[in-house]
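Report on the following structure.
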Amino acid sequence: MIISTGTASGKSLAYLTPAVASCLDGGTILYLTPTKALAADQLRGLRELRITQLRAACFDGDTPFEERTWVRQHANYVLTNPDMLHRSVLPRHAQWSSFFRRLRMVVVDECHGYRGVFGSHVAQILRRLRRVCARYGSQPVFLLASATASEPGAFAMRLTGLEMAEVTSDGSPKGATTIALWEPPLTELRGERGAPVRRTATAEAADLLTDLVLANVRTLAFVRSRRGAETVALTARAKLADVAFSLAGTPGPLPVDGSSGTASSPAAGTPGPLSPFSGQAIPSSPTDHGTSLPSPTQDDAPPASPDGHTPMASLDHGTSSPPPTQDAHPAFADPSTTPPSPGQGAPPASPHHGTTPPRSSHGITPPGSEQGTTPPGSEQGALSWGGSVSDPADWAALPDRIAAYRAGYLAEDRRLLEKALRSGSIMGLATTNALELGVDVSGLDAVLIAGWPGTRASLWQQAGRAGRDGQEALAVLIARDDPLDTYLVHHPQALFGQPVEAIVLDPDNPYVLGPHLCAAAAEIPLTDADLPVFGPTTVNALDDLVTQGLLRKRPAGWFWTRRERATDLADIRGGGGAPIQVVESATGRLLGSVDEPSAHTTVHTGAVYLHQGETYLVELLDLEAGVALVGGAEPDYTTFARDVTEISVLASLRSHDLGPGSLHFGEVEVTRQVVSYLRRRLQSGEMLGDEPLDLPPRTLRTRAVWWTLPASEVATLAEEGFDLGGAAHAAEHAAIGLLPLFATCDRWDIGGVSTELHADTGLLTVFVYDGHEGGAGFAERGYARATDWLTATREAIASCECERGCPSCIQSPKCGNGNEPLDKRGAIHLLDTLLRSTPTAS
Ligand SMILES: [Zn+2]
Ligand SMILES: [Zn+2]
């Protein structure tokens, strides 16, 4: 069964009740979640139930070896993740025999995360799990919990291979939410080819956060990266400091609702205008915050104060010592991987104890938080909460009411944050979507979403954070400077009254299936009886594996007879191929791995690499050694790899007419070479330059959707004066930008090629392909929804107010041709031609 309902609708209770009952009845439960953090949270919840017969334990990479035996032998509620199941539990199933024998239920939580290639791997791991269970005579019920999704039953069936019932009705109380779609204005800045640059979503988010906090509206801002979230928090704090500053010379109450105590008048004898903020910590270096805050050239730069000081100048933290009452919480100071540079203030905070706990802005200490005092000179978290200055200058604590949050905090820190939010000592919080995991922030009035979160499902999930006890709430989607965001803020009908996305995965991808068949054979030799478990393409895949010498066929079935571990063949978080290890150069710590094709675009030398919201700079990509060396860094720019691509058609699998042209879906071979990377300023979006790269071309066999237009139509358009190459190129860029609306993918998961005359088709052709070996289902989805997809693409281009193309419509940050040639009006006409009298989509 799959339960697919909104945030805070009680899904956990729905699976916990039968799961715990099964444990009490002598059964065992396997609980799967995509992240360790969520498992740890669940474990805490289970322990709080205080049921002695319930022996719950996490089994993940952090579980000490001496505890693992206990878990295998005694735990009856095991919390783990697909990676651990794949690498450890299934290959050693014999050690788990008593657990598997009694297994009653498999809970697959947050299963909407299992999409694309990763989802396809998880689907095969679950099939291996079912086979192992059958070996021990158990037939567990699979209970899946998902965010709202379209056709959850069909998705669940693809994920588990089992018939699934779906529960989608949500009876939890909800107040009305006002949704605002917010498009930042074009600025005076000029980008590539003189295109106008739109103000960034983070800059707008900081403004809105400031205004909402001033109006006493409890607000959460979702920002893509931790660095971005911190920038939003810092900018908003600077703006609040500015407000407080201007009020310093204006005796009288603040112009805010006084309900939470901020409106008290500044007392006589207030400190000098700058000193109240001097204790406010900024975690970045002085050079850093000059750039992370809006530059003065920007249209919204905070107004200079009467004496010419800008608030950020007044925020310089390195030079002043914090007042002894400062109560920054070390957990929210940046436990940064880079030690502070000399002269930049203070040593890193000591862990956890020895600092004053958070305190509300009116000096009330939350219960249960009496621990020590701040040692003078300890690092002050900008991300701390609570007023550092209580009376006589409450207003000075205003900036402290905004904090930033990211993943990786300990449970106790998260509980403190929840408390601060509930008490109102924190009014504004900027976060990455890490907050989806493990913090209860019920009690918010507003949510700001900086940039399209990727799916309608995520949008509603994030918007669903606002609204307490059925009260009204506000959610604002702030558009980023790209075609999809632009389209959405101009076309609310694409968001409202639309079903949320289907979750796309393709378990039959041969690059996924093959390695799991090897792993399955290593676990228990495969027999004919197993074939239906792994899907219709299994027989062919097995033949291939035998030919490659990976499996041996014997009368009794297929055997793994090699010495190495079969599970090493499958890189479940990557896309096939030997993965590149991402290693922190200073410590040798392995941060993760990136599959080889993606490595060229995500961890090339000079790339800004995001890992769990943290920012790193790639010092060196060594393809031969399979290593990317990175260092923790806070650059004030983002990078975009640019590639040039050639494509050849191997087979058209499906096709139909599309207007005067035709549409195809099939197999292609793509040769892609990353040639340079673009640097763009984080806060303003300004282009900083294009740096060349020397990387080898890479060949990829994958699937693509493509459309062609006959020569007669092309000739007509050419006579009207359009640049056909530029028109096709522009249509391709925008189509790549819009496909994520129809296939649950990221714009980086797909690529495209366009040409006025393609060698294989002999026609004007635009291709959009899956960027993963073997395909991931995205292009197939584009084929199925082509009319809607191309109509939206046309609309996105037409609704952008720029004249000749910009990043919000037809320019692409990853274009290897430097966004040349592009013809905006030509693209609209080209798409109009294609969509003319389109037959009903098949
Ligand atoms: Zn534009
Ligand atoms: Zn291009």
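For a straight C-alpha distance cut-off of 29 angstrom, the lysines reachable from Lys419 (same-chain residues fewer than eight places away being disregarded) are Lys11, Lys36, Lys174, Lys239. Built from the Cα atoms of the stretch 67-169, the convex hull projects on average onto 6.6 nm², one quarter of its surface area. For the stretch 142-256, the Kirkwood hydrodynamic radius comes to 18.9 Å, computed from all pairs of different C-alpha atoms. Applying 1/(1 + (r/R0)^6) with R0 = 41 Å to the Cβ-Cβ distance of Ala21 and Glu667 gives a FRET efficiency near 0.25. For the stretch 46-51, 3J(HN,Hα) computed residue by residue from phi via the Karplus equation (6.51, -1.76, 1.60; θ = phi - 60°) reads 5, 5, 5, 5, 6, 10 Hz, glycine and proline entered as x. For a straight C-alpha distance cut-off of 24 angstrom, the lysines reachable from Lys814 (same-chain residues fewer than eight places away being disregarded) are Lys824.
Ellipsoid semi-axes for the stretch 1-148, based on the Cα gyration tensor and the rule √(5λ), read 21, 19, 15 Å when sorted largest first. With all pairs of different C-alpha atoms in the average, the Kirkwood value for the hydrodynamic radius of the stretch 644-702 is 14.5 Å. Pull out a ≥ b ≥ c, the square roots of the eigenvalues of the alpha-carbon gyration tensor of the stretch 763-836, then state rounded if a/c is under 1.5, prolate if not and a/b is larger than b/c, and oblate in the remaining case. Note, shape of the stretch 763-836 comes out oblate. Once you keep just the Cα pairs under 8 angstrom separated by 6 or more residues, what percentage relative contact order results for the stretch 95-212? After rounding, I find 22 percent.
Taken together, the values in this text are just the output of simple stated rules run on the coordinates, not laboratory data. Bear in mind the structure is a predicted one, so any value in this text is a computation, not a measurement. Here the Cβ is made from the backbone with ideal geometry for all residues, glycine too, and neighbour counts use every protein chain on show.
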